[in-house]
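Everything on this sheet refers to the single structure shown next.
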Amino acid sequence: MPGAVYLETFGCQMNELDSELVSGQLRALGYQFTPDPEAADIVLYNTCSVREHAEQKVWSRLGELAEAKREKPAMVVGVLGCMAERDGVALINRMPVVDILCGPGELDRLPALLDNAVRTRRSLASESPEVMRAHRRPVEERSAREVALQGGASRRSSTLAAAGDTLELLDLSRSISPLDDDGPVKRSAYVRITRGCNKFCTYCVVPFTRGAEIHRPPEHIIDECKRLADAGVVEITLLGQTVNHYRFEHASAVTVGGVVQPQKGRAFTGGHRRDPLAGSQVTTFADLLRRIHDEVPSIARLRFVTSYPRDFGDDVLEVIRDHPRICRYLHVPAQTGSDRLLKLMNRGYEVAEYIEFLDRARAFLHQPQIGRPLMVSGDFIVGFPTETQEDFEASVRLLERARYKNSFIFKYSPRPGTIAIDKFEDDVPEAIKRERNNTLLGVQTRLSHEISLEQIGLTFDVMVEGLSVKERKRQARGQIALTVHGKAAPGPLVLDTTSPEMVARTDTDLIVTFPCPAAHTPEALAGRILRVAITDANALTLKGQALI
Ligand code: SAH
Ligand code: SF4
Ligand code: F3S
């Protein structure tokens, strides 16, 4: 019996997908999964390094595990993902409770690492405490059987095709089952189209943890979408750090062992001009979207994140406009409204270019008159080194001008290994970062509220996700009330006639709640696409009535 695994995921959608692929692979090898960390023989954390706060959560989890491991010496602890890659073996030095480190570029090697660690821990668990202590040897002596990191060679790159890209096999071997964890049929799935990032924004760890930008062959992507659709998936989100820079050059494709290899990113940098090689020689992002839309018709919704504001071609906007099942939602982080800071961040565009892009995207895609608005969301960093009050006010102006439906706002967090931490002092005091964060959030909340109110009276097709959080809490409270101290609650039984509240999303990524119509059950509606009339709204949510 290989053992019960508890896997917890931190960070972005890329990590959620990695966790899904890893669990599929481990399940196929006979591992079972448990939602209860205390019942687990193997605890895996798939970690994020993007801000210090993300890492702190994992440190505290690992601290708690040290105690558990004293009682269960055979337990195996693994740190996967970006934090493993960034911290490397220093992480084991600080937390000897960790048995395995596996970076995001090496996840195909996890089963072998795990198998080895499980055997080692089991044999050690039967030894005396002295032997156990002796096993805590210096990290330098730990073998490649415990640690899989890309390290200095990370930018897998030049030898990639020659060696065969084994990581691609992890995506290719995705075990697609209509049942996710014996739960309801899975309706929504992520599909990776590029890995890594070549942008090197100065504050960001991702190019170091995920390595060089790699584009997957279009056939692999389309085949994965087809298999997901056959298993009942109706919504696919394509993933990439700069997803719109997808570009696969067929002329330079390499095949190893019958498998077309992913290739290094050589993004087209022609502004919003059409790629002259698009079509037969090159699959551009626009080509890829069109092909998935046309070749996988049972996918009702095709989304993609995260878009990079530069080089967003008219060809992509036209494809989105002309293909009804591609969602009119763009997540295009600006990071700051100050040209001076954009330069220090190495973002590669100026505010005017960003606004030009937004205006062009709206000219192509914002058609509320036919019930098809475009919604845009953004990311901002406040308190980047040297940020002045004027720089910050420029961010406020950009946020207002862009009219995002929502924004993710972060306080600058200096990350070891990045360019910014070496070049710039983290000189904006924490109190000012907090204040700017709150100010920007306040402006965004007002905008979100305005945009929500504009939706009242419109009708949208929404994809039902299930019971709303409020409803789940309400039902949980109901159960507690009925069984106070294990006995039925006193007093007359009140018949609860409220319809369960469901939560759904528009194709523009707005959240909608609505009462479950009497003739339907919440279970039967989950995963379906329904028409909903919007009757009310607050900053975060629209409220409506299902038209069925
Ligand atoms: N590839 C995506 C973003 C990936 S990281 C893009 O370029 O848009 C997600 C977000 O985290 C970034 O958009 C940025 O706003 C934020 N972020 C990244 N590094 C950060 C840091 N060191 N401090 C604060 N926020 C950071
Ligand atoms: Fe990080 Fe910039 Fe790449 Fe986004 S584009 S992942 S912010 S380096
Ligand atoms: Fe975090 Fe790595 Fe994603 S650093 S945001 S998990 S790419």
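Output the DSSP H helices from the chain with an along-axis C-alpha extent of no less than 27 Å and a mean Kyte-Doolittle hydropathy no less than 0.0. The answer is none, since no helix passes both cut-offs. Using only Cα coordinates, the Kirkwood hydrodynamic radius of the chain works out to 25.5 Å.
Of the solvent-accessible surface of the chain, computed with a 1.4 Å probe and all protein chains present, 55% belongs to carbon and sulfur. Please compute the net charge surrounding T535, taking Lys and Arg as +1 and Asp and Glu as -1 over other residues with Cβ under 15 Å from its Cβ. Residues close to T535 contribute a combined charge of -1.
Counted without the sites themselves, the longest stretch of the chain free of trypsin sites (Lys or Arg not before Pro) in a DSSP loop having at most 10 other beta carbon atoms within 10 Å is 137-486. Only helices enter the 222 nm calculation for the chain: every DSSP H run of n ≥ 4 contributes -39,500 (n - 2.57), and dividing by all residues gives -11000 deg cm²/dmol, rounded to 500. When the square roots of the Cα gyration tensor eigenvalues are ordered a ≥ b ≥ c, the ratio a/c for region 328-453 is 1.5 or more and a/b exceeds b/c, which makes its shape prolate. Beta bridges assigned by DSSP with both partners in region 158-327 are antiparallel in approximately 45 percent of cases. Could you tell me whether region 308-366 comes out rounded, prolate or oblate from its Cα gyration tensor? Rule is a ≥ b ≥ c as square roots of the eigenvalues, rounded for a/c under 1.5, then prolate if a/b exceeds b/c, otherwise oblate. Prolate is the answer for region 308-366, as a/c is 1.5 or above and a/b outweighs b/c. Cysteine residues of the chain whose Cβ has no partner cysteine Cβ closer than 4.7 Å: C12, C48, C82, C102, C197, C225, C327, C516.
Its residue count N sets the reference 2.2 N^0.38 Å, and the alpha-carbon radius of gyration of region 503-548 equals 1.09 times that reference. As a ratio to 2.2 N^0.38 Å, the alpha-carbon radius of gyration for region 158-327 is 1.03. All other residues whose Cβ lies under 11 angstrom from that of P515 are scored, Lys and Arg at +1 and Asp and Glu at -1, for a net of -1. With a sphere of radius 13 Å drawn around the Cβ of R415, what net charge do the other residues whose Cβ falls strictly inside it have (Lys, Arg +1; Asp, Glu -1)? So the surrounding residues net to -2. With the biggest extent put first, the Cα atoms of region 4-148 measure 43, 33, 27 Å across the principal axes. Across the cross-link table entries K69/K264; K57/K199; K69/K411; K69/K199; K186/K473, which are compared at the Cα atoms, the separations over 32 Å belong to K69/K264; K69/K411; K69/K199.
The values are calculated or read from the model by the stated rules, or taken from the named source; none is laboratory data. Just so you know, these numbers come straight off a predicted model, no measurement behind them. Cβ sites come from the backbone with ideal geometry, for glycine too, and all protein chains shown count toward neighbours. Areas reflect the complete protein model, heavy atoms only, side chains present, ligands, DNA and RNA absent. Shrake-Rupley method; radii C 1.70, N 1.55, O 1.52, S 1.80 Å.
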